[in-house]
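Worksheet for the structure shown next.
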Amino acid sequence: MKRTRYGGQAVIEGVMMRGPTRVAVAVRKPDGSIAIKVENRPSAASKYALARLPIIRGVVSLYESLVLGIGALLYSAEVSAGEEINKRDELFALLLAVAVAVGLFMVLPTIVASAIARALVAKPWLMNLLEGMTRMVVLLLYVASISKMQDIRRVLEYHGAEHKAVHTQEAGLPLEVDNGRKFSTLHPRCGTSFLLFTVLVSILLFSFFGWPNLIARVCTRITLLPLVAGVSYEFIRLAGESANPVVRALSWPGLFLQRMTTREPDDSQLVVAFEALKAVLVPASSGGEGSCES
């Protein structure tokens, strides 16, 4: 029987969980109670055979995760603040976040590599390697810096709670705090591991396209992003199911990076994660395909 996969993401003072047919966001309100928003949102993989094909399913899952994740973040911001947030402010924050992400992880690495190329007159394959390594360094510095912020630390604790909840469900144990405490805050299907692996895959893939001018490089990177995401998804999917020592070894860098993007949650945070997960569970006999992103 096919195992149903569950996953999600940490949000502000809460957790979003996703199953084959439903999405739930549980958020701790200022008064200490938990607000839960549940929506019937069948995944494309649960409805269409095409969306379950290798590589394609990764692209579809990434798109769905981004759409659902942004919605969950905006909802959690309002609930945790106890007041409605101006939509214009939400849109500005979202556009700013996208601009910063593109600048840091797409434009900056290729500019740095170009500067090195002019100084060293390096070969195209080496420039693609340098660009990838720069992107890796930027990612590590970015994660390390934001993880020290107090508000972000709370989100990282909920990230750890989300992983513990998923571990508990996958172990077949009742979704209770006592069971969740003993599991790791690290999970091989985590989005952090996915991000790290996309950098590695991009180094290999982009090396086949030489080193054209800056505009052509940026356009190539954006165009090939779905393929990079699809291949990366297949690896973390395999990592979540395989006990092969080679696969486990390749998963280690992603798990190591998760030590910066997760923190040990307290019991109240575990309760929130379990409430979100309970809201999306389907009967074991139903099977199905859930999100592989944490």
Task: Cα-based shape type of region 33-184, given that a ≥ b ≥ c are square roots of the gyration tensor eigenvalues and the cut on a/c is 1.5 - done: prolate
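If R₀ is 51 angstrom, what is the calculated FRET efficiency for the pair ILE55 and SER268, using the beta carbon separation as r and rounding to 0.05? It would help to have the intermediate numbers written out before the result.
Working: r = 40 Å, r/R0 = 0.78.
E between ILE55 and SER268, to the nearest 0.05, is 0.80.
Which value in Å is the Kirkwood Rh of region 147-294 over different Cα pairs?
Values: mean 1/r = 0.0588 Å⁻¹.
Answer for region 147-294: a Kirkwood hydrodynamic radius of 17.0 Å.
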Open item on the list: If R₀ is 35 angstrom, what is the calculated FRET efficiency for the pair ASP31 and GLU241, using the beta carbon separation as r and rounding to 0.05?
Closed with: 0.30
TODO: Just subtract the alpha-carbon distance of PHE209 and ARG88 from 0.36 nm times their residue separation and send over the number in nm, one decimal.
DONE: 39.6 nm
- [ ] Would you order ARG22, ARG221 from fewest to most other beta-carbon atoms within 10 Å of each residue's own beta-carbon?
- [x] ARG22, ARG221
- [ ] Along Cα→Cβ, 7 Å out, is where each label goes; now give me the distance between the ones at VAL107 and GLU78 in nm to one decimal.
- [x] 3.2 nm
- [ ] Can you find, among PRO42, ALA239, ILE152, the residue farthest towards the positive end of the dipole of the chain? Put +1 on the C-beta of Lys and Arg, -1 on that of Asp and Glu.
- [x] ALA239
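Can you tell me what percent of all Cα-Cα pairs in region 7-281 are more than 33 Å apart? Working shown, then result.
Working: 9074 of 37675 pairs.
Summing the P(r) tail past 33 Å for region 7-281 gives 24 percent.
Each value in this text was obtained by applying a stated rule to the coordinates, not by laboratory testing. All values derive from a computational prediction rather than experimental measurement. Cβ coordinates were reconstructed from backbone atoms using ideal geometry, including for glycine residues, and neighbour counts include every protein chain displayed.
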